[in-house]
Amino acid sequence: MAPQTQKNDQLENEIHSDFLDVIAHELRAPLSSIKGYASILYHNREKNLTDKQKQQLNIINKNVDKLDVLINNVLELMKRDSGAVRLYIEPIQLPEIINSVIEDFEPIILENHQKISVNMQDDLPVIYGDIHKIIQIFSNLLSNALKYTPNGGKINIDTNITTNDQEILVSINDNGIGISKEDQVKIFQRFYTAKTAPPRTCDRIGLGLDIVKGNIELHNGKIWVDSKPGEGSTFYFTLPSTTGVIDE
Ligand SMILES: Nc1ncnc2c1ncn2[C@@H]1O[C@H](COP(=O)(O)OP(=O)(O)O)[C@@H](O)[C@H]1O
Ligand SMILES: [Mg+2]
């Protein structure tokens with residue numbers, strides 16, 4: 001490609017990326033206002049609210065969270081499809097990310113009576129990556145593990161350095177519904193959802209794993225799954241422990 005055309009494309013991508021960031025911000029602002037006022041209403045009026053009203057405020061809260069995830073996921077894919085992905089590389093401490101993602105899911109974990117254990121190898125090296133994209137990886141995989149595991153289930157997150165010292169290997173294991181061999185090869189495709197019914201009513205769009213795979217590949221890592229229907233699933237992924245990032 002001629003250098004000038006390449007420059008124009010790059011500029012166009014940057015403008016598109018900025019535009020999508022503005023849209024994301026404008027869509028999120030009213031959402032956080034709805035969430036904030038629902039929370040004020042709950043806490044200021046807690047004593048006067050009936051159980052039904054509390055439940056209704058809870059539903060508002062959950063739906064705002066769902067919309068927030070949906071906006072995030074759709075904009076992420078729009079950026080990727082249009083070549084407008086921008087990575088902001090910085091040193092990242094994985095244990096901090098993992099703990100903060102788990103904290104975000106605390107209400108769901110409590111509601112489902114699920115247990116999470118985290119096993120982090122000592123002296124994990126700092127990795128270099130885009131923090132927002134790495135959070136999205138953990139958040140989408142953990143959300144799936146919780147969603148496709150019945151109440152009372154167990155989720156384990158493990159992080160290790162691979163034997164060649166070049167990569168960090170993360171595994172997220174659950175003892176949920178599992179995934180058939182045929183579905184294991186399809187679930188990373190956009191909009192694909194396996195036929196097996198989830199343990200409780202939930203939203204299934206089929207964008208999460210597409211985003212996860214894309215984000216991991218942008219960091220030069222790999223993802224794969226090992227699963228047995230009825231027994232559970234383990235999603236494995238690697239991230240280079242040094243800067244192995246592909247900057248598009
Ligand atoms: N931990 C898991 N256990 C069982 N099935 C899973 C798990 N994670 C993903 N899946 C299957 O892969 C499909 C695609 O996942 P994803 O792209 O995150 O979409 P969604 O979460 O919207 O269903 C899910 O619909 C589900 O069928
Ligand atoms: Mg998902």
Legend entry - Set N156, N144: member being of a type outside the set (K, R) and either more than 16 Å from ligand 1 (Cβ to nearest atom) or more than 15 Å from the chain's Cα centre (by Cα) (or both): N156
Inset, instruction - Answer yes or no: is there a residue in region 224-235 that is under 24 Å from V74 (Cα atoms), touching a strand residue (DSSP E or B) at 6+ places or on another chain (Cβ under 7 Å), assigned to a strand (DSSP E or B) and touching a residue at least 60 places away in the same chain (Cβ under 8 Å). - result: yes
Inset, instruction - Go through the residues of region 210-223 one by one and say whether even a single one is without any contact (Cβ under 8 Å) to a residue 60 or more places away in the chain, more than 12 Å from ligand 2 (Cβ to nearest atom), surrounded by fewer than 16 Cβ atoms within 10 Å (Cβ to Cβ) and part of a strand (DSSP E or B). - result: no
Inset, instruction - Scan region 194-215 and give yes if some residue there is within 17 Å of N72 (Cβ to Cβ), within 11 Å of ligand 1 (Cβ to nearest atom) and in contact with a Gly (Cβ under 7 Å, 6 or more places away or on another chain), otherwise no. - result: no
Inset, instruction - Please work out which one of (1) within 11 Å of ligand 2 (Cβ to nearest atom); (2) crowded, with 18+ Cβ neighbours inside 10 Å is the condition T193 fails and give its number. - result: (2)
Inset, instruction - Taking the options I97, I15, I71, I23, name whichever one is among the aliphatic types (A, V, I, L, M) and either in the same structural domain as I211 (by TED's automatic domain parsing) or over 25 Å from D210 (Cβ atoms) (or both). - result: I97
Legend entry - Sole residue being surrounded by 13 or more Cβ atoms within 10 Å (Cβ to Cβ) and within 22 Å of G206 (Cβ to Cβ), chosen from I98, I71: I71
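The values are calculated or read from the model by the stated rules, or taken from the named source; none is laboratory data. None of the values given here were measured: they were computed from a predicted structure. For neighbour counting, all protein chains shown are included, and Cβ atoms are generated from backbone atoms with ideal geometry for every residue, glycine included.
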